[in-house]
1. Please count how many residues of segment 363-394 are more than 29 Å from residue 258 (Cα to Cα) and of a type outside the set (S, T, N, Q).
2. Please go through segment 105-141 and pick out each residue that is more than 26 Å from residue 321 (Cβ to Cβ) and part of a helix (DSSP H, G or I).
3. Quickly run through segment 393-411 and pick out the residues that are part of a loop (DSSP other than H, G, I, E, B) and of a type in the set (S, T, N, Q).
4. Is it fair to say residue 414 is buried (at least 17 other Cβ atoms within 10 Å of the Cβ), polar (S, T, N, Q) and in a helix (DSSP H, G or I)?
5. I'd like to verify a number: residues in segment 413-456 that are among the small types (Gly, Ala, Ser) and at pLDDT 85 or above, how many?
6. Residue check: is residue 393 of a type in the set (Gly, Ala, Ser), surrounded by fewer than 18 Cβ atoms within 10 Å (Cβ to Cβ) and farther than 30 Å from residue 274 by Cα?
7. Does at least one position in segment 57-69 carry a residue that is of a type in the set (Ser, Thr, Tyr), surrounded by 15 or more Cβ atoms within 10 Å (Cβ to Cβ), touching a Ser or Thr at 6+ places or on another chain (Cβ under 9 Å) and modelled with pLDDT of 80 or more?
8. Return yes or no: is residue 336 surrounded by fewer than 17 Cβ atoms within 10 Å (Cβ to Cβ) and either at pLDDT 90 or above or in a strand (DSSP E or B) (or both)?
Amino acid sequence: MIGKIRPSRRSAFRAAAISAFSLMAGCASYTALPLAKAPPLAGDVRALTNSETIVGASPLSVSQVVDLALANNPDLKAARFKRAVAAGQTKQAGILPNPSLSGAFLPLLSGVGSVPAWNIGLSQDIKSLITYHARRRAAIDSERQVAADIVWQEWQVAGQARQIASDFIIGANSRASYVAAYQLLAARNAKLEQALAARNVTLVTVAPDRVALQAARTALNVLDQRQLALMHQLDALLGLSPDVVIPLTVHVDLPPFDPAAIRAGLTTLPDRRPDLIALQMGYAAADEQFRQAILSQFPDLVLGGSVSSDNSMVINGGPNATLGLPIFDRNQGNVAITRATRAQLHADYDARYAAALGTVGAMLSEMEQLRAQLTVARRDLPAARLAADRAQAAFGASNIDERGYVDLVSNRFTKEQEIMTLELALIDRQIAIQTLVGDGLPTVDLPAGDTQAMPK
C-alpha cells in the first residue's frame, strides 16, 4: 500500500531504532568542571579534612599533623587522580577490538543492468587479538605502578610532616635557652658600655663582649627565622594559608625505633617500599611491552567475509583476507626500543635498591655516632649547670668578677644548646630512616588483576 509501511518493515524499523537508542544510552555525557577562581587554601586548621576527628583538643601532636597532611596535602590530592586515569587505561586495554563493517549501495546509472548493485562485508583485525593479553597485562602492571608511586608520595609527605613538626617543636623548646643567653650577655654589655662611657674600662675590654652579644643575637634571630619558615612549610604541606599558626605540643611523638629490627627487615624492603614496588611493576609492564613488540612481528592480518550483488542480480559471497607483507617493517624498531627500555628499568631497580640499603645503613651508623656524642654532652651538662649555679652564688657574694660569672653561665647555655642540636640531628635521622622503611606509614594496596609476577 502506497504511503504506509508494511508490518515487516515496521518491525525492522522499530528494532533498528531500539538498537540505536541502546547504543546511545551506553555513551558518556559531558559535564563541565570549572577551575577555581579563589585560592583553594584553608584559613583555619578546623577547616581541613578529618579535622573533626583529629583536632579535638589543641595543641596537635606530630602524629595528628601527619594524619592531616595525608588527608589535605594539595599535591597528594592531585596525585590520587592519576590512579583513576591508570584504571581507565587498564579498562581500555581490556576491551576487545571492534570488528569492521563495510557496505556500499551503487545505483544503476547506465548500461545493460536492471537493478542497483550493492555489497556488504564484515572483518576483524587478527593481529590485535594476538597482542591482546600482553597489552592488557602491561596496562595492569602500569596501573599498579601508579598506585605504588602514589603511596611512595604519601610516605614522602608523611616524612616531611614528621620532620617539620618535630623540628619546630624542638626549636620552640630550645628558644628559652637562646633568649636567656642573649639577655645575660645584653645585661653584661650594657654595664660595660656604661663603664666605657665613664672611661672606667678600655675598648679592648669591651670588644669580646660585643662580639659575644652579636653572636647571641644572630643565633636567636636565625632560630626565629627558621621557626617561621618551618611554620610556613607546614602550612603549605597541609593546604593552609601561610599566615595560619598551628599549635603544636611540646613533646615529639614518633613510632617506636628499633635499629636491630630495621637492619633485619632490610631483606624484605623490596616487598614493602612503594618506590621499589613501583619499579618492579614498571619493569613488569616493560617486559609485557617487549613481549607485545615481539608478537607484533606477526604480519598484519584481517579476516572477514562479504556478500555482493551486481546490476544483473548475480549474488556472490565468501571469505576474504588481507595480509600485510613484512618486507620493510618487521617491527624491528619497536622490538629494539622495548628491549632497551626493559634493560634500563632493570638497571634502575638495581640502583634504587642498592641506594635504599646504603642510605639506611649509613644513617644507622650516623645515629650511633650522634648517640655517642649526645651521651658525652649530657654527661658534661650537670657539671656545667653546677658551675653556673656556683658562679651565680659567688657573684652574689662578690667572690667572683662579672666576666667569670658570665663565662660560666654562658658555658651552661652553650652546652644545653649543643644537646638540643644533637637531639635534633638524631631525631631527623630517625624520621628519615622511618620514612625510608615505612614505619607507621600507609602500605601499598595494588589493584587486582591477572597480571603475572615480576619477571626475573
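The values are calculated or read from the model by the stated rules, or taken from the named source; none is laboratory data. Please read these numbers as outputs of a predicted model, since none were measured by experiment. Cβ: placed from backbone, ideal geometry, glycine included. Neighbour counts: every protein chain shown.
1. Of segment 363-394, the ones more than 29 Å from residue 258 (Cα to Cα) are 383-394.
This time we only want the ones that are of a type outside the set (S, T, N, Q), so: 383-391, 393-394.
Number satisfying all stated conditions: 11.
2. Going residue by residue through segment 105-141, those that are more than 26 Å from residue 321 (Cβ to Cβ) are 107-116, 137-141.
137, 138, 139, 140, 141, listed by residue number.
3. Let us first name the residues in segment 393-411 that are part of a loop (DSSP other than H, G, I, E, B), namely 397-401.
Once the filter is applied, which keeps residues that are part of a loop (DSSP other than H, G, I, E, B) and of a type in the set (S, T, N, Q), segment 393-411 yields 398, 399.
4. Working: buried (at least 17 other Cβ atoms within 10 Å of the Cβ): no; polar (S, T, N, Q): yes; in a helix (DSSP H, G or I): yes.
Considered against the rule, which asks whether it is buried (at least 17 other Cβ atoms within 10 Å of the Cβ), polar (S, T, N, Q) and in a helix (DSSP H, G or I), residue 414 comes out as no.
5. Pass one, segment 413-456, residues among the small types (Gly, Ala, Ser): 425, 432, 438, 440, 448-449, 453.
Still in the running and at pLDDT 85 or above: 425, 432, 438, 440.
Result for segment 413-456: 4.
6. Values: of a type in the set (Gly, Ala, Ser): yes; surrounded by fewer than 18 Cβ atoms within 10 Å (Cβ to Cβ): yes; farther than 30 Å from residue 274 by Cα: yes.
In short, yes.
7. In the first step, residues of segment 57-69 are kept if they are of a type in the set (Ser, Thr, Tyr); the result is 58, 61, 63.
Checking which are surrounded by 15 or more Cβ atoms within 10 Å (Cβ to Cβ) leaves us with 61, 63.
The next check asks that each one be touching a Ser or Thr at 6+ places or on another chain (Cβ under 9 Å); those that pass are 61.
Then keep just the ones that are modelled with pLDDT of 80 or more; that gives 61.
Yes, segment 57-69 has at least one match.
8. Values: surrounded by fewer than 17 Cβ atoms within 10 Å (Cβ to Cβ): yes; either at pLDDT 90 or above or in a strand (DSSP E or B) (or both): yes.
Yes; evaluated as a whole, the condition is true for this residue.
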